[in-house]
């Protein structure tokens, strides 16, 4: 081996170990990585991913004039300006005093700008609009805002995540931190990173929000789910997004 | 806008075999599931899917309740001449949706 | 994990209770064979030519992707006229019946099916000479750990 090839070989070893070290430092896995190849393929092909039906409908809603102001989302926002938005929320929008999630942000626009009724939680219209907005952040890293006011919100979210509750005396963390990667029945317990919401869950056979997923978990723990408009969801979502900071957005995703 | 997504190449070489994919929003309720009040939710499925190329039927599929919700169907076709591929879904409760795409054969 | 396991058993038990009334309607190997015979008549079912691509392990039986392809020149003289898929345990064993011809160029159908339980899936192709070819696959359907409360 001459000097040049030795240097190349050493370089290769160095980068391989660097990559391994980085891989070791970040053990986070998205739900996409936990799925089998058939479901990954279903998500990757936009004509096979059922969530894209909702995106298509959301694009039509984006352009539709509504409310007393007779304005469409598209009258104020360009499509390009929506890039990264879903990767940032929950956040405290300018002029607001409390954090909202992406659905809440859409409804703020409806009530303050479009002068329309807010869309019902988990309604088709809200899911469709959210899916279209979220698609614009596909491939972007999750990037919660550096707003110092969000620290308390995330801390509250972490408290809710780790607090035992319900008749089974479980916490979110009991499954998704302490036992993630292990099997519960035949299913792998995911780490619970919100990279793909809203997503098409085969269990639901439709599109659903992170809020719906959180409600599922609460019901599964035999705990009383918070009301749909409760601030607890926004706090949990804010904590989960911080926990997934830097992970890649893959909304609208497919999950089992 | 119908809740349909169709993926077909816009252009194809004459004689080339192309794949067409179609996705439609539909619950495909089996008629075997009990609802929240314990009574069976009535069946509501798409029964037939047909595809025609310039009016000539080229593919037909009879579906049962075991086809997954929001049915996805993919099949092949020989690009014989430029024209309109018309897809039609029909089923329970008078469900009928038609969508078409144009393929230019060069 | 004890708590989880107990809960799991509880859910499994609840599922059995819910599904019992439907058992009479469930297909069995016999009804699977009968459903296939309803299509093939007295013609023999030959193994081969058909490829059934379906995941061996399914994370949720509500939408199981499958692809059926059949070796055929797809000419006017020699082509596949139909592709059928059957299963063993769903209430109705005949999942779909697709009609094809030389205009398809390639004998292929992709779709997604529901499988309530671990079972056998069979694809049958009919060719223009009246022969029937088939391929089968065993699919393990895992039951989701956290199912949504239906109410």
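Read the figures in this text as sums done on the coordinates, not as results from a lab. Here the structure is a predicted model, which means the values were calculated and not measured. All Cβ positions, glycine included, derive from the backbone under ideal geometry; neighbour counts span all protein chains shown.
Summary table
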read-out	value
Normalised per residue, the volume of the convex hull around the Cα set of the range C:82-151 (Å³)	119 Å³
Among B:24, B:41, B:58, residue whose mean-square fluctuation peaks in a GNM of chain B (springs only between Cα atoms under 10 Å)	B:41
0 to 90° range, to nearest 10: angle between helix A:51-62 axis and chain A longest Cα axis	40 degrees
For A:36-45, mean number of other protein chain Cβ atoms within 10 Å	4
Scattering profile of the protein assembly as shown at q = 0.11 Å⁻¹ [log10 I(q)/I(0), Debye over alpha-carbon scatterers]	-1.05
Descending Cα extents along the principal axes, the range A:47-165, whole Å	41, 37, 30
Pairwise label distance in nanometres, residue B:90 with residue C:38, each label 7 Å out on the Cα-Cβ vector	2.1 nm
Relative contact order (%) - criterion: Cα under 8 Å, at least six apart; region: chain B	33 percent
Proxy reagent accessibility, fewest Cβ within 10 Å first, across A:217, A:76	A:76, A:217
The range B:1-52: equivalent-ellipsoid semi-axes (sqrt of 5 x gyration tensor eigenvalues, Cα, Å)	37, 11, 8
Gain upon complete extension [residue A:46, residue A:33; 0.36 nm per residue less C-alpha separation]	2.9 nm
Test item: A:182-189 mean partner chain Cβ contacts at 10 Å	6
Cα-based helix-to-principal-axis angle, A:150-162 vs chain A, degrees rounded to 10	70 degrees
Helix A:210-220 vs. chain A, principal-axis angle (Cα, 0 to 90°, nearest 10)	80 degrees
The range A:91-136 - convex hull of alpha carbons, volume per residue in Å³	81 Å³
Radius of gyration and Dmax over the Cα atoms of chain A, both given in Å	20.3, 77
Size-normalised alpha-carbon gyration radius of the range C:25-141, reference 2.2 N^0.38 Å	1.03
For the range A:107-170, convex hull of alpha carbons as volume per residue, Å³	174 Å³
Cα-based shape type of chain B, given that a ≥ b ≥ c are square roots of the gyration tensor eigenvalues and the cut on a/c is 1.5	prolate
Residues B:53, B:89 arranged by fewest to most Cβ contacts within 10 Å	B:53, B:89
Inter-label distance for residue B:102 and residue B:41, nm, one decimal - labels placed 7 Å from Cα along Cα-to-Cβ	4.0 nm
Normalised contact order of chain A, rounded percent, pairs of Cα under 8 Å and 6 or more residues apart	27 percent
Helix-only CD estimate at 222 nm, as mean residue ellipticity for the protein assembly as shown, using -39500 (n - 2.57) per DSSP H run (n ≥ 4)	-8500 deg cm²/dmol
Average projection area in nm² (convex hull over Cα atoms of the range A:37-106, one quarter of hull surface)	6.3 nm²
